Amino acid sequence: MKTTEIREYQVDFEKFRTSINSEYKELFRLVNNFKKDYPLEKIKILKLDDYVSGKGDPTTFCNRIENELNEWGNIHGSTAKKFGIYYGVDGDDKEKKYRVGKSTFGSSSDKAFKSIKSSIIELIKNEDDYEILKKNPISPMFKGKILSIYHFEKFLNIFSASHLNYFINTLSLENTSSSEIDKQKKLLNFKNNDPLMKNWSIFEFSKFLYHSFGKPNDEMKEKQVPKELKKFIQKDFPPIEKIKVEYVDLQTDKLVESGKKLLNRIPKKIDYLAQSKEFQRTGDRGEQIAVMEERQRLIKNSRPDLAKKVEQVSRSDDSLGYDIKSYDDSGKEKYIEVKSTLSSFDFCNIYISENELNVSKSKDNYFFYIVYDAGSKAPKIWKIKSTDFFSDENIEPKPILFRIGIKIK
């Protein structure tokens, strides 16, 4: 996502940001009360019935962290198994009893609870050691909530993997890890590297994300969506770390224009605003893919020094005539213009500005990366040097837009 777009969302959020201060103060009070009620020494001697959910007591550790502090971050999306141990039924087994949610903790409730308490204490004491945090057996959502409560200045209060994926994709961030801890860190790095957002609290930042971009579209149940809106729902992109890119070498074919088709075309009103947003979203995804691929290529070819220098210049400057500045293995600068489509191979239109056209012809080592199936788990990249692209007899740029200057007396 371009910096100018982020600024537009920030302007809109400013109208709302001051109104969340009272909400933040009340939640901050609840969080601090919880921490005072459950310091490390108290957790060590906590009894099972003071911990579990399912017995109807709203004041237990698990019930308070899930319900009383729900506005600090929602973890209702998964079952009580996330707590490691709970009291209740399990599928077809309707007998209510203590149940261990994860065999890693042990088979008996006493042994499991002892292990769970040790794991919670380990989380709270090792907030700066990400390797320990990631290996800790507490379930990801519960783990994230504990860390966010006890170290609210260091951890994002968003715990759902699908929500973290959605925001990473929406902001076109690079990510290679499937760990929720790493994904939180990725989003917080984005926040802290922004000159405006670095001064926001983490609570304000999470509110900004939901206020600006909402929740994943895939969470909307189709039967609950009015029929008038169904065609406007965009399918969420898969997590960027799960895609597998394939490079392809394509051969073009001669374009055949049919005047008959044009004559028989049924006129329709085009929603240019919606079309522009879809193009931008697809373009951002293609650049996200291309940047990550360039870094990984250089790392595989023993040039991690150059991988660190790969820059997505389009984020801050649209006037350069290319999207990415990268390097070949020898260290020579490489300029990449990314064009993306959700379609597979066959026919597609790509749009090139006059500036991009001029720069592509003036710079050596300029490439077009055309990303097909950009929204899938298996996108394809056709990498072609600009000189080869424009020397292809089947490729003919056509002007479709004219700027008309008008000066009034």
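Read the figures in this text as sums done on the coordinates, not as results from a lab. All values derive from a computational prediction rather than experimental measurement. Backbone-built Cβ (ideal geometry, glycine too); neighbour counts: all protein chains shown.
Normalised by the number of residues in the stretch 3-217, what is the relative contact order in percent for Cα pairs under 8 Å and 6+ residues apart?
16 percent
Output the 0 to 90 degree angle, nearest 10, between the alpha-carbon long axis of helix 3-17 and the longest principal axis computed from the alpha carbons of the chain.
Between the helix axis and the principal axis of the chain, the angle is about 40 degrees.
Of [x] 1.31; [y] 1.20; [z] 1.15, which is the value of Cα Rg over 2.2 N^0.38 Å derived from the coordinates here?
Step by step, Cα Rg over 2.2 N^0.38 Å for this structure corresponds to label [y].
Could you sort 195-206, 145-156 so that the peptide with the highest average Cβ count within 10 Å comes first and the rest follow in order? Don't skip to the end; give the middle numbers.
Details: 195-206: 15.6, 145-156: 19.8.
Packing proxy ranking, top to bottom: 145-156, 195-206.
When Rg is the radius of gyration of the Cα atoms in the stretch 243-391 and Rh is its Kirkwood radius, what does Rg/Rh come to?
Here Rg/Rh amounts to 1.00.
Among the listed pairs LYS55/LYS96; LYS55/LYS94; LYS36/LYS134, which are separated by more than 18 Å between their Cα atoms?
In this structure, LYS36/LYS134 lie more than 18 Å apart at Cα.
Report, for the chain, the % of DSSP beta bridges that are antiparallel, rounded to 5.
65 percent
Can you put TRP72, TRP382 in order of Cβ neighbours within 10 angstrom, beginning with the fewest?
So the residues, fewest neighbours to most, are TRP382, TRP72.
Binning every alpha carbon pair distance of the stretch 366-409 at 10 Å from zero, what are the percents per bin?
21, 28, 27, 13, 8, 1
What is the order of PHE402, PHE368, PHE213, fewest Cβ neighbours within 10 Å to most?
PHE402, PHE213, PHE368
Please work out the Kirkwood hydrodynamic radius for the stretch 3-217, using every pair of different C-alpha atoms, and report it in angstroms with one decimal place.
After inverting the mean inverse Cα-Cα distance, the result is 18.4 Å.
Take the alpha carbon gyration tensor of the stretch 152-249, find the square roots of its eigenvalues, order them as a ≥ b ≥ c, and report rounded if a/c is under 1.5; if not, report prolate when a/b exceeds b/c, else oblate.
The shape class here is oblate.
In percent, what relative contact order does the chain have, based on Cα pairs under 8 Å that are 6 or more apart in sequence?
Reported as a whole number, the value is 11 percent.
Please give the helix 180-192 orientation as an angle from the longest Cα principal axis of the chain, in degrees from 0 to 90, rounded to the nearest 10.
60 degrees
What length, rounded to one decimal in nm, is gained on full extension from ASP194 through to SER107, with 0.36 nm per residue of separation minus their alpha-carbon distance? Walk me through the numbers on the way to the answer.
Numbers: separation 87, 0.36 × 87 = 31.32 nm, distance 4.76 nm.
Here the answer is 26.6 nm.
Could you tell me the relative contact order of the stretch 27-132? Use alpha-carbon pairs under 8 Å, at least six residues apart, and round to a whole percent.
20 percent
Could you list which residues have their amide H under 5 Å from that of LYS339, counting only those 5 or more apart in sequence or on another chain, with H placed in the peptide plane?
Counting only residues 5 or more places away or on other chains, the set is TYR369, ILE370, VAL371.
For the chain, what is the calculated [θ] at 222 nm in deg cm²/dmol (nearest 500), taking -39500 (n - 2.57) for each run of four or more DSSP H residues and dividing by its residue count? If you can, show how the numbers build up before the last one.
On the way: 15 runs with 164 residues, N = 409.
Calculated from helices alone, the mean residue ellipticity at 222 nm is -12000 deg cm²/dmol.
Based on DSSP, what percent of beta bridges with both residues in the stretch 259-409 are antiparallel, to the nearest 5?
About 65 percent, rounded to the nearest 5.
I need the phi-derived Karplus couplings for the stretch 287-295: 6.51 cos²θ - 1.76 cosθ + 1.60, θ = phi - 60°, integer Hz, Gly and Pro marked x.
Per-residue couplings from phi come out as 5, 4, 5, 5, 4, 5, 5, 5, 4 Hz.
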